Amino acid sequence: MISIIIPTLNEAQQITATLRCLSELKGSYELIVVDGGSTDGTVRLLRAWPQVRLHHSPRAERAAQMNTGADMATGDTLWFLHADTRVPVDSLLRMEQVLHRPEAVGGSFRMAFDRREWPYFLLSFFTRFNSPFWTFGDQGIFLRAEIFRELGGYADLPILEDLEFQLRLRKRGKFLKIPLAVTTSARRYHRGSPFREFFRDAGVVAGYFSGVEVRKLNIWYRGHDLGDLPR
């Protein structure tokens, strides 16, 4: 069985559509949502879905929320999704096919945006490359549960927890990218210039690989935020 883990924080505008999409998946799974203290009605919406195992995190950081969800999970595979991500109906089967390969420890999908303008096609193009520089949590990272626990879960970081964990995961075996796209909201890129957001993200990643301390990168990242949207 696959445990789907979703961290939420003020996702009332997105979470219902995401849950409807997940309800159409083919295969066996459990759905765990860890809320970080939403004040916009997210929790009320989640409670309307009996298949959701809802938990609460005292900290509104994805790393802490995802670790909490993993602690609750009973599946052999963990699949971490963002609250604004829509997935193909055969996603579970495709992940199982990857993990049947003994050398594979985990992987992710490609990503597409929910807008059709050309900048979004260009930005999503890079997610087809199986490189840590182009692979992040919004692409639906999945892995064997036993390996997640052996690695100690996500590090206690305010940002880039998905990159830091993925780098450790890739040292354990093959990290494979499924040639199938999940669809994520372009809201963060659409609130300003898509390329400004892209280069801000790329600057943070480049800083990480250059050895800049993550908490300093977080100060810079938050200082250049373009609005008060969910993460």
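The values are calculated or read from the model by the stated rules, or taken from the named source; none is laboratory data. It should be emphasised that the depicted structure is a prediction, and the values quoted were computed from it without experimental measurement. Heads up, the Cβs are rebuilt from the backbone with ideal geometry, glycines too, and the neighbour counts pull from every protein chain shown. Areas reflect the complete protein model, heavy atoms only, side chains present, ligands, DNA and RNA absent. Shrake-Rupley method; radii C 1.70, N 1.55, O 1.52, S 1.80 Å.
Table for the structure above
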{"item": "Net charge contributed by nearby residues that have their C-beta within less than 13 Å of residue 129 (K/R +1, D/E -1)", "result": "+3"}
{"item": "Farthest toward positive dipole pole in segment 95-164 [+1 Lys/Arg, -1 Asp/Glu at C-beta], among 140, 154, 126", "result": "126"}
{"item": "Sites residue 149 and residue 59, calculated FRET efficiency, Cβ-Cβ separation with R0 30 Å, nearest 0.05", "result": "0.90"}
{"item": "Within the chain: Cβ-based charge dipole about Cα centre, in debye rounded to nearest 20 (Lys, Arg +1; Asp, Glu -1)", "result": "420"}
{"item": "With all protein chains modelled, accessible area of residue 196 [1.4 Å, Å²]", "result": "140"}
{"item": "Share, in percent, of DSSP beta bridges within the chain that are antiparallel, nearest 5", "result": "20"}
{"item": "Potential extension, residue 17-residue 187 segment - 0.36 nm per residue separation minus Cα distance", "result": "59.7 nm"}
{"item": "Signed unit charges on C-beta, dipole axis of segment 1-61, positive-most listed residue 34, 8, 50", "result": "50"}
{"item": "Backbone HN-Hα couplings from phi across segment 35-41 [Karplus 6.51/-1.76/1.60, Hz, Gly and Pro as x]", "result": "8, x, x, 4, 10, 10, x"}
{"item": "Chain lengthening between residue 170 and residue 199 when straightened (0.36 nm per residue, less Cα-Cα)", "result": "7.9 nm"}
{"item": "Pair residue 76, residue 48: separation of 7 Å Cα→Cβ label points (nm)", "result": "3.6"}
{"item": "Rg over Rh, two decimals, segment 1-101 (C-alpha only, Kirkwood Rh)", "result": "0.95"}
{"item": "Structure-based [θ]222 nm, the chain - -39500 (n - 2.57) summed over DSSP H runs of at least 4, per residue, nearest 500", "result": "-10500 deg cm²/dmol"}
{"item": "Around residue 49: net Lys/Arg minus Asp/Glu count, Cβ-Cβ under 15 Å", "result": "0"}
{"item": "Mean-position separation - Cα centroids, segment 1-35 and segment 117-169, in angstrom", "result": "18"}
{"item": "Residue 30 versus residue 216: modelled label distance in nm, points set 7 Å from Cα along the beta carbon direction", "result": "4.2"}
{"item": "Distance (nanometres) between label positions extended 7 Å along Cα→Cβ at residue 100 and residue 118", "result": "4.2"}
{"item": "5 angstrom amide H check on residue 113, placed H, neighbours 5+ away", "result": "184"}
{"item": "The chain: C-alpha pair distances exceeding 27 Å, %", "result": "29"}
{"item": "Segment 170-219 - charge dipole about Cα centre, Lys and Arg +1 at Cβ, Asp and Glu -1, debye rounded to 20", "result": "220"}
